[in-house]
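Below: the structure, in structure tokens.
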């Protein structure tokens with residue numbers, strides 16, 4: 001374990017992995033056998049609900065329940081919402097065919113974008129369904145987002161202060177219903193990376 005013997009702990013954010021990566025959609029730690037001390041993830045992505053989860057030892061849970069101000073001063077989760085999260089977790093556990101389809105779609109899209117000069121996390125090999133297209137300048141992010149919207153793709157521009165200055169991007173989020181034709185049209189609509197960045201830096 002990373003923090004073992006060092007008075008440190010490993011916390012892993014599985015927001016983009018739970019539901020779509022790992023056995024039963026259990027996340028990247030489950031797939032790589034990473035021994036994290038604490039795992040956090042959101043219920044608002046693959047689970048299609050709201051809220052989030054902190055999974056860890058009792059001492060961490062008790063500390064958050066007693067000292068985390070955002071938790072202390074937030075209205076408790078409504079029982080129907082908690083039930084929706086639990087139900088969704090059960091559904092995604094059984095959705096292996098959809099996960100395979102989503103991985104294939106993500107790999108095809110990443111390969112097409114890398115061919116056009118886009119530098120993506122993992123060098124185009126990691127099959128997660130959320131892809132950031134780094135274009136650096138805010139105006140280029142807005143322009144690319146608008147071009148995609150005109151073609152029927154919803155891809156928001158992410159700008160400062162959400163990201164650092166000079167790190168504006170457009171976020172592509174995939175789902176298992178995306179077809180091969182959709183992927184090809186999306187790649188063609190995005191175009192060459194050099195058209196959207198002032199340098200080759202990603």
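Could you check segment 161-176 and list, in sequence order, the residues that are free of Cβ contacts under 8 Å to residues at least 12 places away in the same chain and more than 15 Å from residue 145 (Cβ to Cβ)?
Within segment 161-176, 161, 164, 165 meet the criteria.
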Looking for whichever is outside the structural domain of residue 190 (by TED's automatic domain parsing) and in a helix (DSSP H, G or I) here; the options are 103, 108, 61, 35. Which one fits? 61
Per the filter on segment 143-165, residues surrounded by 12 or more Cβ atoms within 10 Å (Cβ to Cβ), out of contact with any helix residue (DSSP H, G or I) (no Cβ under 9 Å at 6 or more places or on another chain) and not in a helix (DSSP H, G or I) are 163
Residue within segment 75-86 that is touching a residue at least 24 places away in the same chain (Cβ under 8 Å), in contact with a helix residue (DSSP H, G or I) (Cβ under 9 Å, 6 or more places away or on another chain), surrounded by 13 or more Cβ atoms within 10 Å (Cβ to Cβ) and not assigned by TED's automatic domain parsing to the domain that holds residue 182 present: yes
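Of everything in segment 111-129, what is outside any helix (DSSP H, G or I), modelled with pLDDT of 90 or more and surrounded by fewer than 19 Cβ atoms within 10 Å (Cβ to Cβ)? Give them in sequence order.
Selection gives 116, 117.
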Can you name the number of the only condition in (1) touching a residue at least 12 places away in the same chain (Cβ under 8 Å); (2) in contact with a helix residue (DSSP H, G or I) (Cβ under 7 Å, 6 or more places away or on another chain); (3) at negative phi that residue 65 fails? (1)
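The values are calculated or read from the model by the stated rules, or taken from the named source; none is laboratory data. None of these values were measured; they are calculated from a predicted model. Reconstructed Cβ throughout: ideal geometry from the backbone, glycine too, with neighbour counts over all protein chains shown.
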